[in-house]
Amino acid sequence: MAHFAHTSTTATLAFLILLLLYSSESILSDEYGLESSPVPDSDVDLLEFPLNLEYLEAEFFLYGSLGFGLDKVAPNLTMGGPKPLGAKKAKLDPFTRDVMEQFAWQEVGHLRAIKKTVKGFRRPQLDLSAKSFAKVFNLAFGRVLKPPFDPYANSLNYLLASYLIPYVGLTGYVGANPKLQGSTSKRLVAGLLGVESGQDAVIRTLLYNHAMVKVHPYDITVAEFTNRLSDLRNKLGKAGLKDEGLWVPKYEGAEGKISGNVLAGDGYSVAYDRTPEEILRIVYGSGDEHVPGGFYPKGANGRIAKSYLQNE
(Lines give C-alpha, C1' and ligand atoms only; values in the text may rest on other atoms or scores of the structure.)
Protein backbone atom coordinates (compact mmCIF):
# COMPACT_ATOMS: atom_id res chain seq x y z
CA MET A 1 0.00 0.00 0.00
CA ALA A 2 2.85 2.33 0.93
CA HIS A 3 4.55 1.51 -2.36
CA PHE A 4 1.37 2.34 -4.25
CA ALA A 5 1.05 5.66 -2.41
CA HIS A 6 4.68 6.52 -3.20
CA THR A 7 4.20 5.62 -6.87
CA SER A 8 0.98 7.64 -7.03
CA THR A 9 2.61 10.66 -5.42
CA THR A 10 5.58 10.46 -7.79
CA ALA A 11 3.27 10.24 -10.79
CA THR A 12 1.25 13.21 -9.55
CA LEU A 13 4.38 15.31 -9.03
CA ALA A 14 5.64 14.39 -12.50
CA PHE A 15 2.29 15.42 -13.99
CA LEU A 16 2.33 18.73 -12.14
CA ILE A 17 5.89 19.47 -13.28
CA LEU A 18 4.97 18.73 -16.89
CA LEU A 19 1.87 20.92 -16.56
CA LEU A 20 3.96 23.75 -15.09
CA LEU A 21 6.51 23.46 -17.88
CA TYR A 22 3.76 23.51 -20.51
CA SER A 23 2.14 26.53 -18.89
CA SER A 24 5.48 28.34 -18.70
CA GLU A 25 6.14 27.66 -22.37
CA SER A 26 2.67 28.92 -23.26
CA ILE A 27 3.24 32.12 -21.28
CA LEU A 28 6.63 32.65 -22.91
CA SER A 29 5.12 31.96 -26.30
CA ASP A 30 2.34 34.50 -25.81
CA GLU A 31 4.52 37.15 -24.20
CA TYR A 32 7.65 36.93 -26.28
CA GLY A 33 6.37 35.42 -29.52
CA LEU A 34 8.61 32.36 -29.27
CA GLU A 35 5.90 30.34 -30.97
CA SER A 36 2.96 31.44 -33.05
CA SER A 37 -0.10 29.96 -34.63
CA PRO A 38 -0.03 29.43 -38.41
CA VAL A 39 -0.87 32.48 -40.53
CA PRO A 40 -3.98 31.87 -42.67
CA ASP A 41 -3.38 32.20 -46.40
CA SER A 42 -5.95 35.01 -46.49
CA ASP A 43 -3.75 37.06 -44.13
CA VAL A 44 -0.44 36.76 -45.97
CA ASP A 45 -0.98 39.47 -48.58
CA LEU A 46 -2.37 41.86 -45.98
CA LEU A 47 0.70 41.36 -43.79
CA GLU A 48 3.17 41.65 -46.67
CA PHE A 49 1.73 44.79 -48.29
CA PRO A 50 2.83 47.11 -45.40
CA LEU A 51 6.45 46.16 -46.11
CA ASN A 52 6.33 48.76 -48.88
CA LEU A 53 5.73 51.52 -46.33
CA GLU A 54 8.08 50.01 -43.75
CA TYR A 55 10.92 49.98 -46.29
CA LEU A 56 10.21 53.62 -47.09
CA GLU A 57 10.17 54.66 -43.45
CA ALA A 58 13.26 52.67 -42.53
CA GLU A 59 15.34 54.11 -45.34
CA PHE A 60 14.15 57.69 -44.88
CA PHE A 61 14.79 57.73 -41.14
CA LEU A 62 18.08 55.82 -41.37
CA TYR A 63 19.53 58.06 -44.04
CA GLY A 64 18.14 61.24 -42.49
CA SER A 65 19.63 60.55 -39.07
CA LEU A 66 22.72 58.46 -39.86
CA GLY A 67 23.54 59.03 -43.52
CA PHE A 68 23.23 55.37 -44.54
CA GLY A 69 20.49 52.79 -44.81
CA LEU A 70 19.53 49.14 -44.73
CA ASP A 71 22.36 48.10 -47.02
CA LYS A 72 24.72 48.87 -44.15
CA VAL A 73 22.68 48.09 -41.01
CA ALA A 74 20.62 45.07 -42.15
CA PRO A 75 21.34 44.10 -45.79
CA ASN A 76 19.56 40.76 -45.39
CA LEU A 77 16.25 42.57 -44.93
CA THR A 78 16.46 44.13 -48.40
CA MET A 79 16.42 40.69 -50.07
CA GLY A 80 18.54 42.19 -52.84
CA GLY A 81 16.24 45.08 -53.66
CA PRO A 82 17.74 48.18 -55.32
CA LYS A 83 19.32 50.97 -53.30
CA PRO A 84 17.09 54.02 -52.65
CA LEU A 85 17.54 56.99 -54.94
CA GLY A 86 18.61 60.35 -53.56
CA ALA A 87 18.46 59.58 -49.84
CA LYS A 88 20.99 61.43 -47.69
CA LYS A 89 21.76 62.66 -44.22
CA ALA A 90 19.67 65.63 -43.13
CA LYS A 91 20.94 68.73 -41.34
CA LEU A 92 19.24 68.02 -38.03
CA ASP A 93 19.64 69.52 -34.59
CA PRO A 94 20.76 66.98 -31.94
CA PHE A 95 17.28 66.45 -30.46
CA THR A 96 15.55 65.87 -33.79
CA ARG A 97 18.36 63.61 -34.98
CA ASP A 98 18.05 61.51 -31.84
CA VAL A 99 14.29 61.11 -32.26
CA MET A 100 14.64 60.19 -35.93
CA GLU A 101 17.35 57.65 -35.20
CA GLN A 102 15.00 56.03 -32.69
CA PHE A 103 12.35 55.86 -35.42
CA ALA A 104 14.92 54.39 -37.80
CA TRP A 105 15.79 51.44 -35.57
CA GLN A 106 12.11 50.90 -34.79
CA GLU A 107 11.43 50.55 -38.51
CA VAL A 108 14.24 48.02 -38.86
CA GLY A 109 12.48 46.07 -36.11
CA HIS A 110 9.18 46.31 -37.97
CA LEU A 111 10.73 44.80 -41.07
CA ARG A 112 12.14 41.95 -38.99
CA ALA A 113 8.79 41.35 -37.29
CA ILE A 114 6.86 41.11 -40.55
CA LYS A 115 9.48 38.92 -42.24
CA LYS A 116 9.53 36.64 -39.20
CA THR A 117 5.80 36.07 -39.71
CA VAL A 118 5.54 35.92 -43.52
CA LYS A 119 8.10 35.51 -46.28
CA GLY A 120 7.87 39.06 -47.54
CA PHE A 121 9.46 40.49 -50.68
CA ARG A 122 12.52 42.45 -51.79
CA ARG A 123 12.85 46.17 -51.19
CA PRO A 124 11.15 48.09 -54.01
CA GLN A 125 12.89 50.89 -55.85
CA LEU A 126 12.41 53.98 -53.68
CA ASP A 127 12.91 57.60 -54.69
CA LEU A 128 13.79 59.58 -51.57
CA SER A 129 15.47 62.43 -53.40
CA ALA A 130 14.77 66.04 -52.51
CA LYS A 131 13.24 66.37 -55.96
CA SER A 132 10.73 63.61 -55.19
CA PHE A 133 9.59 65.36 -52.01
CA ALA A 134 9.50 68.72 -53.78
CA LYS A 135 6.99 67.32 -56.27
CA VAL A 136 4.69 66.27 -53.41
CA PHE A 137 4.84 69.72 -51.82
CA ASN A 138 4.22 71.39 -55.17
CA LEU A 139 1.15 69.20 -55.65
CA ALA A 140 -0.07 70.10 -52.18
CA PHE A 141 0.09 73.83 -52.89
CA GLY A 142 -0.97 73.63 -56.52
CA ARG A 143 2.08 75.62 -57.60
CA VAL A 144 5.84 75.34 -57.80
CA LEU A 145 7.48 76.36 -54.55
CA LYS A 146 10.59 78.49 -55.01
CA PRO A 147 13.15 77.42 -54.03
CA PRO A 148 12.14 73.74 -54.33
CA PHE A 149 11.27 72.21 -50.96
CA ASP A 150 14.27 70.28 -49.57
CA PRO A 151 13.46 67.80 -46.78
CA TYR A 152 17.12 67.43 -45.87
CA ALA A 153 17.87 71.15 -45.46
CA ASN A 154 17.00 71.52 -41.78
CA SER A 155 15.07 69.99 -38.89
CA LEU A 156 11.76 71.72 -39.59
CA ASN A 157 11.76 70.69 -43.25
CA TYR A 158 12.62 67.13 -42.26
CA LEU A 159 9.73 67.02 -39.77
CA LEU A 160 7.35 68.28 -42.45
CA ALA A 161 8.59 65.59 -44.83
CA SER A 162 8.23 63.01 -42.04
CA TYR A 163 4.62 64.12 -41.62
CA LEU A 164 3.98 62.39 -44.95
CA ILE A 165 5.11 58.94 -43.88
CA PRO A 166 4.01 57.11 -40.66
CA TYR A 167 0.44 58.37 -40.85
CA VAL A 168 -0.22 56.67 -44.18
CA GLY A 169 1.09 53.41 -42.78
CA LEU A 170 -0.98 53.56 -39.61
CA THR A 171 -4.22 54.13 -41.53
CA GLY A 172 -3.32 51.03 -43.55
CA TYR A 173 -2.93 48.97 -40.38
CA VAL A 174 -6.28 50.23 -39.09
CA GLY A 175 -7.86 49.19 -42.39
CA ALA A 176 -6.21 45.77 -42.45
CA ASN A 177 -6.98 44.73 -38.88
CA PRO A 178 -10.69 43.80 -39.27
CA LYS A 179 -9.88 41.77 -42.39
CA LEU A 180 -7.36 39.53 -40.63
CA GLN A 181 -8.34 36.04 -39.52
CA GLY A 182 -5.43 34.70 -37.47
CA SER A 183 -4.51 35.65 -33.92
CA THR A 184 -0.82 35.93 -34.83
CA SER A 185 -1.68 38.33 -37.66
CA LYS A 186 -3.89 40.48 -35.44
CA ARG A 187 -1.30 40.62 -32.67
CA LEU A 188 1.42 41.66 -35.13
CA VAL A 189 -0.66 44.38 -36.75
CA ALA A 190 -1.82 45.72 -33.38
CA GLY A 191 1.80 45.95 -32.24
CA LEU A 192 2.94 47.66 -35.43
CA LEU A 193 -0.01 50.04 -35.32
CA GLY A 194 0.83 51.05 -31.77
CA VAL A 195 4.36 52.17 -32.62
CA GLU A 196 3.44 53.76 -35.97
CA SER A 197 0.75 55.76 -34.19
CA GLY A 198 3.29 56.83 -31.61
CA GLN A 199 5.69 58.01 -34.29
CA ASP A 200 2.96 60.01 -35.97
CA ALA A 201 1.96 61.53 -32.64
CA VAL A 202 5.54 62.60 -31.90
CA ILE A 203 5.94 64.18 -35.35
CA ARG A 204 2.61 66.00 -35.09
CA THR A 205 3.37 67.22 -31.57
CA LEU A 206 6.76 68.59 -32.56
CA LEU A 207 5.18 70.37 -35.52
CA TYR A 208 2.22 71.57 -33.43
CA ASN A 209 4.69 73.26 -31.09
CA HIS A 210 5.73 75.36 -34.11
CA ALA A 211 2.32 75.52 -35.79
CA MET A 212 2.33 79.28 -36.32
CA VAL A 213 6.00 79.50 -37.27
CA LYS A 214 6.54 80.48 -40.90
CA VAL A 215 8.67 78.06 -42.89
CA HIS A 216 11.61 79.89 -44.46
CA PRO A 217 11.65 81.18 -47.16
CA TYR A 218 8.02 80.51 -48.12
CA ASP A 219 6.23 82.76 -45.63
CA ILE A 220 3.78 79.89 -45.00
CA THR A 221 3.06 78.56 -41.52
CA VAL A 222 3.77 75.01 -40.40
CA ALA A 223 0.04 74.52 -39.80
CA GLU A 224 -0.77 75.53 -43.37
CA PHE A 225 1.82 73.09 -44.69
CA THR A 226 0.22 70.23 -42.75
CA ASN A 227 -3.28 71.20 -43.83
CA ARG A 228 -2.23 71.29 -47.47
CA LEU A 229 -0.46 67.93 -47.25
CA SER A 230 -3.47 66.31 -45.58
CA ASP A 231 -5.83 67.78 -48.17
CA LEU A 232 -3.61 66.34 -50.89
CA ARG A 233 -3.72 62.87 -49.35
CA ASN A 234 -7.50 63.06 -49.13
CA LYS A 235 -7.64 64.09 -52.79
CA LEU A 236 -5.27 61.37 -53.98
CA GLY A 237 -6.89 58.67 -51.84
CA LYS A 238 -10.31 59.36 -53.39
CA ALA A 239 -12.16 58.00 -50.36
CA GLY A 240 -13.36 61.10 -48.56
CA LEU A 241 -12.00 62.71 -45.41
CA LYS A 242 -9.36 60.48 -43.81
CA ASP A 243 -6.65 63.02 -43.13
CA GLU A 244 -6.43 66.22 -41.10
CA GLY A 245 -3.80 68.87 -40.50
CA LEU A 246 -2.78 70.46 -37.22
CA TRP A 247 -5.60 73.01 -37.26
CA VAL A 248 -9.21 72.30 -38.20
CA PRO A 249 -12.48 74.23 -37.93
CA LYS A 250 -13.74 73.86 -34.36
CA TYR A 251 -16.75 71.81 -35.47
CA GLU A 252 -14.33 69.23 -36.92
CA GLY A 253 -12.16 69.09 -33.80
CA ALA A 254 -12.50 66.66 -30.88
CA GLU A 255 -16.15 66.70 -29.74
CA GLY A 256 -16.61 69.85 -31.83
CA LYS A 257 -14.95 71.79 -29.03
CA ILE A 258 -11.46 72.72 -30.21
CA SER A 259 -9.49 73.65 -33.33
CA GLY A 260 -6.12 72.31 -32.21
CA ASN A 261 -5.65 68.90 -33.81
CA VAL A 262 -2.47 67.30 -32.55
CA LEU A 263 -3.98 63.87 -33.38
CA ALA A 264 -6.16 63.15 -36.40
CA GLY A 265 -9.41 61.25 -35.88
CA ASP A 266 -13.02 61.00 -37.01
CA GLY A 267 -16.07 62.42 -35.21
CA TYR A 268 -15.46 60.01 -32.34
CA SER A 269 -11.68 60.68 -32.32
CA VAL A 270 -11.14 57.18 -33.73
CA ALA A 271 -8.31 56.66 -36.21
CA TYR A 272 -9.16 56.66 -39.90
CA ASP A 273 -8.61 53.57 -42.05
CA ARG A 274 -7.32 53.12 -45.58
CA THR A 275 -7.25 50.25 -48.05
CA PRO A 276 -4.12 49.18 -49.95
CA GLU A 277 -5.61 50.77 -53.07
CA GLU A 278 -5.99 54.14 -51.34
CA ILE A 279 -2.44 53.95 -50.03
CA LEU A 280 -1.02 53.21 -53.47
CA ARG A 281 -2.89 56.18 -54.93
CA ILE A 282 -1.27 58.40 -52.29
CA VAL A 283 2.32 57.15 -52.28
CA TYR A 284 2.41 57.00 -56.08
CA GLY A 285 1.27 60.63 -56.15
CA SER A 286 -0.91 59.75 -59.13
CA GLY A 287 -4.29 59.17 -57.49
CA ASP A 288 -4.38 55.86 -59.36
CA GLU A 289 -3.23 52.52 -57.97
CA HIS A 290 -2.40 51.41 -61.53
CA VAL A 291 0.03 54.28 -62.18
CA PRO A 292 3.30 54.18 -60.20
CA GLY A 293 5.41 57.20 -59.45
CA GLY A 294 6.26 59.41 -56.51
CA PHE A 295 8.25 57.51 -53.91
CA TYR A 296 7.82 54.28 -55.94
CA PRO A 297 8.92 55.07 -59.51
CA LYS A 298 8.65 51.42 -60.57
CA GLY A 299 5.69 50.58 -58.37
CA ALA A 300 5.37 48.88 -55.00
CA ASN A 301 6.10 45.17 -54.47
CA GLY A 302 3.98 42.26 -53.27
CA ARG A 303 0.98 40.49 -54.75
CA ILE A 304 -1.54 43.26 -54.00
CA ALA A 305 0.47 46.06 -55.57
CA LYS A 306 1.63 43.93 -58.50
CA SER A 307 -1.93 42.89 -59.29
CA TYR A 308 -2.75 46.50 -60.23
CA LEU A 309 0.38 46.98 -62.28
CA GLN A 310 -0.44 43.82 -64.24
CA ASN A 311 -3.82 45.24 -65.15
CA GLU A 312 -2.23 48.03 -67.12
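Data table
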{"quantity": "Residue match in segment 161-179 (condition: modelled with pLDDT of 95 or more, open to solvent by less than 20 Å² (accessible area, probe 1.4 Å), farther than 30 Å from GLY80 by Cβ and in a helix (DSSP H, G or I))", "calculated": "no"}
{"quantity": "Subset of segment 207-221 [open to solvent by less than 40 Å² (accessible area, probe 1.4 Å) and among the aliphatic types (A, V, I, L, M)]", "calculated": "LEU207, ALA211, VAL215, ILE220"}
{"quantity": "Within segment 230-262, tally of residues that are touching a Ser or Thr at 6+ places or on another chain (Cβ under 8 Å) and either free of Cβ contacts under 8 Å to residues at least 24 places away in the same chain or among the charged types (D, E, K, R) (or both)", "calculated": "10"}
{"quantity": "Filter pass, LEU56 being at pLDDT 95 or above and surrounded by 18 or more Cβ atoms within 10 Å (Cβ to Cβ)", "calculated": "yes"}
{"quantity": "Options SER307, SER286; residue that is small (Gly, Ala, Ser) and part of a helix (DSSP H, G or I)", "calculated": "SER307"}
{"quantity": "Lone unmet requirement of (1) open to solvent by 40 Å² or more (accessible area, probe 1.4 Å); (2) over 16 Å from GLN102 (Cα atoms) for VAL195", "calculated": "(2)"}
{"quantity": "Pairs where the first residue, in segment 96-116, is within 12 Å of GLU54 (Cβ to Cβ) and the second is part of a helix (DSSP H, G or I) and open to solvent by 20 Å² or more (accessible area, probe 1.4 Å), C-beta under 6 Å, 6+ apart", "calculated": "GLN106/VAL195"}
{"quantity": "Residue among VAL270, VAL262 that is within 29 Å of SER42 (Cα to Cα) and of a type outside the set (Phe, Trp, Tyr)", "calculated": "VAL270"}
{"quantity": "Subset tally (residues that are closer than 15 Å to GLU54 by Cβ and open to solvent by 10 Å² or more (accessible area, probe 1.4 Å)) for segment 180-191", "calculated": "2"}
{"quantity": "Selection from segment 82-97 of residues that are surrounded by 14 or more Cβ atoms within 10 Å (Cβ to Cβ) and closer than 13 Å to ASP127 by Cα", "calculated": "PRO84, LEU85, GLY86, ALA87, LYS88"}
{"quantity": "Set GLU255, GLU224, GLU244: member being assigned to a loop (DSSP other than H, G, I, E, B), out of contact with any Gly (no Cβ under 7 Å at 6 or more places or on another chain) and either within 23 Å of GLY175 (Cα to Cα) or open to solvent by 40 Å² or more (accessible area, probe 1.4 Å) (or both)", "calculated": "GLU244"}
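The values are calculated or read from the model by the stated rules, or taken from the named source; none is laboratory data. All of these numbers come straight from a predicted model, not from anything done at the bench. Neighbour counts run over all protein chains shown; Cβ positions are idealised from the backbone, glycine included. In case anyone asks, the SASA skips ligands and DNA or RNA and just uses the protein heavy atoms, side chains included. Shrake-Rupley method; radii C 1.70, N 1.55, O 1.52, S 1.80 Å.
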